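In what follows, a single structure is set out as structure tokens and then discussed.
The values are calculated or read from the model by the stated rules, or taken from the named source; none is laboratory data. Only a predicted model underlies this, so the values are computations on that prediction, with no experimental measurement involved. Every residue, glycine among them, receives a Cβ derived from its backbone with ideal geometry; neighbour counts consider all protein chains shown. The area values use the complete protein model at the heavy-atom level, side chains included, leaving out ligands, DNA and RNA. Shrake-Rupley method; radii C 1.70, N 1.55, O 1.52, S 1.80 Å.
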Amino acid sequence: MQRPVIRAIIDTAALRANLARIRSVAPRARVLAVIKANAYGHGILHVARALETADGFGVARLEEGIALRAAGCRRPVVLLEGVLGAEQLAGAAVHGFELVVHTPEQVALLEHWRGAHEFRVWVKIDTGMHRLGFRPGELPAALDRLRACPRIRAPLNFMTHLANADARDEAFTTQQLTVFAGLTAGLPGERSIANSAGILGFQAAHSDWVRPGLALYGASPFDDADAPSLGLVPAMSLVTRVIALKHVAAGETVGYGATWRAPADTLLAIAAAGYGDGYPRSADSGTPVLVNGALAGIAGRVSMDMMAIDVTRMPRPAVGDPVQLWGPGLPVEQIAARAGTISYELLCRVSQRVHLEAH
Ligand SMILES: *Cc1c(COP(=O)(O)O)cnc(C)c1O
């Protein structure tokens, strides 16, 4: 079989190194490895296998947890948004998933549960994110109802989510931590607060379980610190190949909309990658790529299947030569910044037609 042209190559050693890094930063916490959205585009099963020493896995959807179980994973799995409806609750019971409970509707589902399974429950408290979770005023009633459910394993556990840790907002984050500590003071049960930014930026947020996503994949959650400075190794290389070379004369334009005009006689390498692969169309001319490992820039608009790269000032590449779109040596954060988005989005929108492989 011919080698696929565009590939996302996952470095499982990097995943393990990032897990080890998180453990060294938060030595007293257990690690719930967050592998929702196909493990941020890295392949949920590849990642679960590479990170089998994680203390548990966090997923957003029931189906993601089921995929783990089907592949033989017996580790704790937490449904980070809980369940929607009785059918999903029954599915969670079959597979022994732990539940985040954040609405009165989810409490009612548990009140009506007649199965034999005892659920382990994480009560989510809204301490300032204002997305999911019980507001402080709603919490006592929810706790009373949950404690009355016979099929919930005591004690209840507690979690919250930080809204501004990635912006290193001390005041906001400290306020969230204070609210959480106040509401859970004296209660038994485990606690979980920190995402990647919370882990790396706020020691006070570590508590019993940390919930890293992005950091496991080797990207920095902060604008002011790159992955190497945080001890993280990018786990995904998005690579493709040169499929054509093209000379353009000074003054000629390149691509849709003719947005790029050659300042001088120019050699372009046309690479087989575009927004159909998940590469952002909003990455403008000059966005860096590595051609044969050397830095070059995109010329003109990214198309669906292709992009043009100015290779005039580098050793002439040949058709078939490798092009790295991001990976070690070209952080995805840099591409995200050029494209007006965040690394999270670029990683998880790598499309189906990209060949995903783990080594
Ligand atoms: C996605 C998610 C995480 C991981 O966040 P990162 O910023 O990727 O580390 C942690 N907790 C919850 C509840 C999440 O939904």
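Against the numbered list (1) on the phi < 0 side of the Ramachandran plot; (2) surrounded by fewer than 22 Cβ atoms within 10 Å (Cβ to Cβ); (3) within 16 Å of the ligand (Cβ to nearest atom), ASN38 comes up short only at (1). The single condition among (1) closer than 30 Å to ASN38 by Cβ; (2) in a loop (DSSP other than H, G, I, E, B) that PRO155 does not satisfy is (1). Before we move on, is LEU15 farther than 13 Å from ARG211 by Cβ, within 16 Å of the ligand (Cβ to nearest atom) and not polar (S, T, N, Q)? For LEU15, the condition - farther than 13 Å from ARG211 by Cβ, within 16 Å of the ligand (Cβ to nearest atom) and not polar (S, T, N, Q) - is met. Put simply, of SER343, SER282 the only residue that is over 16 Å from THR240 (Cβ atoms), touching a helix residue (DSSP H, G or I) at 6+ places or on another chain (Cβ under 9 Å) and within 16 Å of the ligand (Cβ to nearest atom) is SER343. Of the residues making up the range 107-163, those that are of a type in the set (D, E, K, R), surrounded by 12 or more Cβ atoms within 10 Å (Cβ to Cβ) and within 15 Å of the ligand (Cβ to nearest atom) are LYS124, ASP126.
Per this entry, GLU81 is not counted among residues that are at negative phi, touching a Pro at 6+ places or on another chain (Cβ under 7 Å) and of a type in the set (D, E, K, R).
Contact map, the range 43-56: first residue farther than 16 Å from MET236 by Cβ, second residue assigned to a loop (DSSP other than H, G, I, E, B) and open to solvent by less than 60 Å² (accessible area, probe 1.4 Å), Cβ cut-off under 8 Å, separation 6 or more or different chains; pairs are GLU52/CYS73; ASP55/PRO76; GLY56/PRO76.
Among the residues in the range 79-97, are any within 30 Å of ALA272 (Cβ to Cβ), open to solvent by 10 Å² or more (accessible area, probe 1.4 Å) and touching a Leu at 6+ places or on another chain (Cβ under 6 Å)?
Our first condition is that a residue be within 30 Å of ALA272 (Cβ to Cβ); within the range 79-97, this holds for none.
Looking for residues that are within 30 Å of ALA272 (Cβ to Cβ), open to solvent by 10 Å² or more (accessible area, probe 1.4 Å) and touching a Leu at 6+ places or on another chain (Cβ under 6 Å), one finds none in the range 79-97, hence no.
Within the range 56-75, being over 18 Å from the mean Cα position of the chain (by Cα) and crowded, with 16+ Cβ neighbours inside 10 Å holds for ILE66, CYS73, ARG75. Of all residues in the range 261-284, those satisfying the criterion of being open to solvent by 40 Å² or more (accessible area, probe 1.4 Å), over 28 Å from LEU356 (Cβ atoms) and touching a residue at least 24 places away in the same chain (Cβ under 8 Å) are ALA264, ASP265.
Taking each residue of the range 309-324 that is hydroxyl-bearing (Ser, Thr, Tyr) and looking for partners that are surrounded by fewer than 18 Cβ atoms within 10 Å (Cβ to Cβ) with beta-carbon atoms closer than 7 Å, six or more apart or interchain, yields THR312/LEU267.
Here are some residues: ALA197, ALA227, ALA204. Which one is of a type in the set (A, V, I, L, M, F, W, C) and touching an Asp or Glu at 6+ places or on another chain (Cβ under 6 Å)?
Values: ALA227 fails: touching an Asp or Glu at 6+ places or on another chain (Cβ under 6 Å); ALA204 fails: touching an Asp or Glu at 6+ places or on another chain (Cβ under 6 Å).
Residue meeting the stated conditions: ALA197.
For the range 164-201, the set of residues classified as open to solvent by less than 20 Å² (accessible area, probe 1.4 Å) and within 16 Å of the ligand (Cβ to nearest atom) consists of ALA165, THR173, GLN176, PHE180, SER192, ILE193, ALA194, SER196, ALA197, GLY198, ILE199, listed by residue number. Of the strands (runs of 3 or more DSSP E) lying entirely inside the range 263-305, those containing at least 2 residues that are closer than 20 Å to ALA336 by Cβ and not aromatic (Phe, Trp, Tyr) span 288-291, 294-298. In the range 161-190, the residues that are over 14 Å from ARG135 (Cα atoms) reach residues that are of a type in the set (Ser, Thr, Tyr) with C-beta atoms within less than 7 angstrom, at least six apart or across chains, in these pairs: LEU162/THR173; ASN164/THR173; ALA165/THR173.
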